[in-house]
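Below is one structure; the comments refer to it alone.
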Amino acid sequence: MGDPEQARALDEETLARRRRVLGDDHPDTLSTANNLAVDLYQVGDYEGARALDEDTLARRRRTLGDDHPHTLSSANNLAINLRRVGDPERARALDEDTLARRRRVLGEDHPDTLASASKLANDLRQVGDHEGARVLDEEALAGRRRKLGEDHPDTLHSANNLAVDLYHLGDHEGACALDEDTLERRRRTLGEDHPDTRTSESNLAINRRKLGRGGPAGVSG
């Protein structure tokens, strides 16, 4: 992965040079600003990342348009940092807008569209809208199965999230069946000791207990 502090220092220097030589709105300048915001996120400076993402998004909207993939990437990143700095309502609104635009511009099954659906599902889950989250997680899971295959980590992440939705909606049989399949696939592809495999083990135990089949309490996901 490399040293995030070193990456931050290099990107800060590059951004300063590109702003001076190319101007604030040049695509290469905005690409570097985007990278620096990622660096800031990695080192825990979420407010700094948010401020930079706000500026980059505004400039990309003005120079590229609201629907350009780079603009939508900036919107996606800003939503992540808004959530980190305690503004989940604005993050959710931005995620809703980004998903709608990606569906229209990129198509329902584009990886970025599916990532946005999964992200918005998480927003809804956080505010207790488990039915809304279920609909989006089913969409993301179906799309990822088609595009990525049954065993891809992103597909299994969506399966895990859908099982969590089903748990909260009281469908413990459905959640248990999905957790069993996800656990088997994660054991085979990631290994017994991978954190995602352990999450699946924990979640399956929860649903088995709800069904009277034993297992420790606690939900992961």
Problem set entry | Pick from segment 81-112, criterion crowded, with 20+ Cβ neighbours inside 10 Å and among the aliphatic types (A, V, I, L, M), ranking: farthest from LEU124 (Cα to Cα) | LEU82
Problem set entry | Conditions (1) in the same structural domain as LYS147 (by TED's automatic domain parsing); (2) in contact with a helix residue (DSSP H, G or I) (Cβ under 7 Å, 6 or more places away or on another chain): number failed by ARG83 | (1)
Problem set entry | Answer residue from segment 42-53, given it is farther than 15 Å from LEU15 by Cβ and part of a helix (DSSP H, G or I) and is modelled with the lowest pLDDT among those | GLN42
Seminar exercise, completed: Per the filter on segment 41-55, residues under 17 Å from GLU5 (Cβ atoms) and crowded, with 23+ Cβ neighbours inside 10 Å are ALA49, LEU52
For this session: Tell me, yes or no, whether segment 93-101 has at least one residue that is within 15 Å of the chain's Cα centre (by Cα), assigned to a helix (DSSP H, G or I), hydroxyl-bearing (Ser, Thr, Tyr) and farther than 28 Å from LEU204 by Cα.
Result: yes
Exercise. Are any of the residues in segment 109-127 over 23 Å from GLY23 (Cβ atoms), of a type in the set (Lys, Arg) and over 12 Å from the mean Cα position of the chain (by Cα)?
Worked result: yes
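The values are calculated or read from the model by the stated rules, or taken from the named source; none is laboratory data. All figures in this text were calculated on a predicted structure; none of them were measured in a lab. Methodologically, a virtual Cβ is constructed for each residue, glycine included, from the backbone with ideal geometry; neighbour enumeration extends over all protein chains shown.
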